[in-house]
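Remarks on the structure that follows.
The values are calculated or read from the model by the stated rules, or taken from the named source; none is laboratory data. All figures in this text were calculated on a predicted structure; none of them were measured in a lab. All Cβ positions, glycine included, derive from the backbone under ideal geometry; neighbour counts span all protein chains shown.
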Amino acid sequence: MNYKFNYKELPFLLMVFYPVADITYNTFVSELHLTTFNSIYFTLLIVLSFAFYKYLINKMVLACLVLFALYLLSEYSKSGSVTIQFFLFLLTVSIFSSKEYLNKLKKYIDKNNILIIIISITYILFLLYSIFFKDGIKTGWNTRVVYGPFELPHTLAYELLVLLMLVLYKCKQGKKIMWILFAAVFEMFILLTCVRSALLASAVILFSFFWSYNFTTKVYLTIIAGILIGVFMYYRVFDYVIEKSLYATGNGSITNGRDLIASKSLITFFEATDIEKLFGSGYNNLLNDNLRLLGLQIQAHNDLVTVLVSFGIVGLAAYLYYLISYFKGKGWLLLALAMFILFYFNGLFLYWTMVMGLGIARIFFEMTERSVKKELRGANKQ
């Protein structure tokens with residue numbers, strides 16, 4: 001079948017192609033100007049989406065833009081480029097809250113099998129290249145961890161989560177073995193990053209996918225899963241994340257002190273002035289205070305705390321409003337659970353890779369819930 005490119009589909013191409021663009025940039029350019037690269041990429045996606053689909057521009061989007069302008073005038077020096085990142089996050093989430101927009105994204109993914117295959121293979125090849133020819137595996141937390149070309153393993157893990165949902169979504173359309181093999185590779189690398197928040201989120205994704213099938217298919221999937229787990233165990237894929245967990249537990253906290261980091265980060269909020277409580281003390285102050293309180297210049301590893309301290313009550317209210325609007329719809333419960341694991345135990349808005357994948361996450365969980373209801377209706381008729 002001849003496929004004619006529609007320029008209005010460019011935002012969807014940018015969205016689906018982002019993992020390859022990101023890993024390519026990090027492989028050959030590293031962290032140099034990475035924030036600039038992502039800011040331009042996201043801005044292009046947002047501008048094209050608003051230009052082609054004008055129904056996306058509503059009162060809340062305009063309110064966000066006004067709020068952004070006010071923050072730039074008064075607070076930019078306190079948070080720097082994170083200010084831009086936060087508002088790009090809000091605008092991106094607002095776009096992914098539109099059912100009309102998501103339906104168009106779904107149709108684009110449905111008809112572009114070859115593109116998804118190319119993206120999956122290319123990503124795996126770049127990841128393997130970074131492992132064998134660059135410093136893609138590092139030692140940390142008393143074990144070896146796959147970083148790929150990224151500065152943090154979390155960046156890789158979150159990007160793999162997006163690709164996992166993408167190929168599992170495609171699996172519902174046919175060629176199940178091929179897509180399941182892709183999913184197995186992505187899940188294996190998630191395990192090797194030792195990012196346990198991503199691993200828990202992937203468990204929610206896999207459960208949602210598994211539950212969406214009828215009993216017979218569940219049996220087949222259980223057999224395939226058993227074989228893959230056996231292969232993973234034989235090659236000791238699970239060992240690294242187990243070693244990290246044991247090391248963290250031995251140091252007094254299986255979460256690597258996430259609760260302590262979050263509670264200490266809140267001190268900045270409680271010590272702030274009333275104006276700062278309302279509009280934020282700034283991301284830079286959060287980092288500097290944590291250097292004083294914890295000995296490390298780190299974020300709160302909890303979006304609720306990071307946003308509250310950096311952008312105040314107003315910023316947190318905007319964050320929760322847009323996120324709740326995004327969750328609304330079919331499949332919201334498991335979607336919210338997967339995202340909660342990420343934003344509560346590590347962070348969400350600071351990770352460009354996961355933010356870009358929120359559209360794919362939305363249509364994946366909607367698809368699985370529709371499939372469950374379809375199977376239930378079929379069972380009731382029998």
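Quick check on segment 326-335. Is at least one of its residues without any contact (Cβ under 8 Å) to a residue 24 or more places away in the chain and in contact with a Leu (Cβ under 8 Å, 6 or more places away or on another chain)? Looking for residues that are without any contact (Cβ under 8 Å) to a residue 24 or more places away in the chain and in contact with a Leu (Cβ under 8 Å, 6 or more places away or on another chain), one finds at least one in segment 326-335, hence yes. Identification of helices (runs of 4 or more DSSP H) wholly contained in segment 191-259 with 2 or more residues that are at pLDDT 90 or above and aliphatic (A, V, I, L, M) yields 196-211, 215-234. Checking the stated criteria, Lys244 turns out to be within 30 Å of Ile180 (Cβ to Cβ), in contact with a strand residue (DSSP E or B) (Cβ under 8 Å, 6 or more places away or on another chain) and not hydrophobic (A, V, I, L, M, F, W, C). State whether the residues of segment 65-83 include one that is farther than 25 Å from Tyr158 by Cβ, among the acidic types (Asp, Glu) and modelled with pLDDT under 90. Yes: one or more hits.
Counting only residues that are touching a Cys at 6+ places or on another chain (Cβ under 9 Å) and of a type outside the set (S, T, N, Q), segment 237-278 holds 4 of them.
Would you point out the residue of segment 271-307, among those that are part of a helix (DSSP H, G or I) and either without any contact (Cβ under 8 Å) to a residue 12 or more places away in the chain or acidic (Asp, Glu) (or both), that is surrounded by the most Cβ atoms within 10 Å (Cβ to Cβ)? Per the criteria, the residue is Asp303. For the condition among the hydrophobic types (A, V, I, L, M, F, W, C), modelled with pLDDT of 90 or more and over 18 Å from Thr92 (Cα atoms), Leu358 does not qualify.
For segment 1-33, the candidate set comprises residues that are among the β-branched types (Val, Ile, Thr) and farther than 24 Å from Val93 by Cα; within that set, the residue that is nearest to the chain's Cα centre (by Cα) is Thr24.
Can you spot a residue in segment 134-148 that is without any contact (Cβ under 8 Å) to a residue 60 or more places away in the chain, part of a helix (DSSP H, G or I) and either within 29 Å of Trp332 (Cβ to Cβ) or β-branched (Val, Ile, Thr) (or both)? The answer is no, given that none of the residues of segment 134-148 is without any contact (Cβ under 8 Å) to a residue 60 or more places away in the chain, part of a helix (DSSP H, G or I) and either within 29 Å of Trp332 (Cβ to Cβ) or β-branched (Val, Ile, Thr) (or both).
Screening Lys111, Lys134, Lys172 for residues that are among the basic types (Lys, Arg) and either on the phi > 0 side of the Ramachandran plot or surrounded by 16 or more Cβ atoms within 10 Å (Cβ to Cβ) (or both) leaves exactly one candidate, Lys172. Just one of (1) of a type outside the set (Asp, Glu); (2) at pLDDT below 95; (3) assigned to a helix (DSSP H, G or I) fails for Val162. It is (2). With the condition kept exactly as written, say whether any residue in segment 34-48 is over 19 Å from Tyr351 (Cα atoms), surrounded by fewer than 21 Cβ atoms within 10 Å (Cβ to Cβ) and more than 20 Å from the chain's Cα centre (by Cα). Yes; the residues of segment 34-48 include at least one that is over 19 Å from Tyr351 (Cα atoms), surrounded by fewer than 21 Cβ atoms within 10 Å (Cβ to Cβ) and more than 20 Å from the chain's Cα centre (by Cα).
For Tyr55, the conditions (1) in contact with a helix residue (DSSP H, G or I) (Cβ under 9 Å, 6 or more places away or on another chain); (2) surrounded by 13 or more Cβ atoms within 10 Å (Cβ to Cβ); (3) touching a residue at least 12 places away in the same chain (Cβ under 8 Å) are fulfilled apart from (2).
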